[in-house]
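The values are calculated or read from the model by the stated rules, or taken from the named source; none is laboratory data. The model shown is predicted, which means the values in this text are computed figures rather than measured ones. When we count neighbours, we look across all protein chains shown, and the Cβ atoms used for this are built from the backbone with ideal geometry, even at glycine.
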Amino acid sequence: MKLFGEKAVRRILMVTAFSALSGLLLIALFILNEGLPFIFKYGIKEFLFSSDWYPHLGKFGIYPMIVASLWVTLGAMIVGAPLGVFGAIFLSEYTPRPVMKIIKPTIELLAAIPSVVYGFIGVMVLAPIIRANFGGPGLSLLAASIILGIMILPTVISISIDSILAVPQSYREGSYALGATTWQTTHMVTIKASKSGIIASIILGLGRAIGETMAVIMVAGNSVNIPNTPLDSVRTLTANIALEMSYATGMHRQALFATGVVLLIVIIILNSLASVAIRKRMVKR
């Protein structure tokens, strides 16, 4: 009976695991099936590098949205990555363990806040501040970057803390025995030993930023143009899909699925890089 029970549980777990993988595979195949034919029909160069997005005229160039997505993501990383990594270092190396064990779960809870809440704060608080102090419409590349930078903090901080805490205590003790200070030990030993995990946290935060939709729609301004300054309104790839899918038909709908293909490829690349970084950390252990 015990052996039968173990086999039954194993089969149930296997079916559950393959069900989840099958669902992801079907979603990916559906997006590729809907989007790839349009890309090859319309032309890869014309689709990716044209600046003309006029669906009613049959023009579907997503270059301005690619540039906007890259700039917004880069801005988010400039805001979120240093704050996240420095926060993780402070919490793991300078904060008492009992305090850190309270603060870390609290920070992780921030990831559960709906993105629309961040977007609402951006519209009501951040955009007016930008408008009053720097000019422009307020709803801009700068606002989207700041909001996304805050949104990725839980991911970067949580994974970075886990990576730093995974460094054997003997590394720190050996450094202290040689006369190094706490900062010298942290800088020269702990951070270097956990570097691959920290890089993985930044890459995962990058994937979160480039795939975010609702908050970006609310604070970016949604103008289809190549930004010249951080104060310009922009529209990202994800925002374009969300804004136009409800009424798109024909080639317009196919173009939006093709945009999804571009996003899917970018996310796969970023997740693969994160997996490689995490694997390197495991090998070093």
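Of note:
- The single condition among (1) part of a helix (DSSP H, G or I); (2) more than 25 Å from Lys192 (Cα to Cα) that Gly136 does not meet is (1).
- Annotation note: of Pro64, Pro37, the sole residue that is in a helix (DSSP H, G or I), more than 30 Å from Asp232 (Cα to Cα) and modelled with pLDDT of 90 or more is Pro37.
- Some residue of region 181-191 being crowded, with 20+ Cβ neighbours inside 10 Å and within 19 Å of Leu91 (Cα to Cα): yes
- Candidates Ile157, Ile129, Ile121 - the one that is within 17 Å of Pro82 (Cβ to Cβ), modelled with pLDDT of 90 or more and either touching a helix residue (DSSP H, G or I) at 6+ places or on another chain (Cβ under 7 Å) or of a type outside the set (D, E, K, R) (or both): Ile157
- Residue within region 125-136 that is surrounded by fewer than 21 Cβ atoms within 10 Å (Cβ to Cβ) and on the phi > 0 side of the Ramachandran plot present: yes
- Beta carbons closer than 9 Å, at least 6 apart along the sequence or on distinct chains, pair a first residue in region 13-34 that is under 16 Å from Ile241 (Cβ atoms) and free of Cβ contacts under 8 Å to residues at least 40 places away in the same chain with a second that is aromatic (Phe, Trp, Tyr) and part of a helix (DSSP H, G or I) for Phe30/Phe257.
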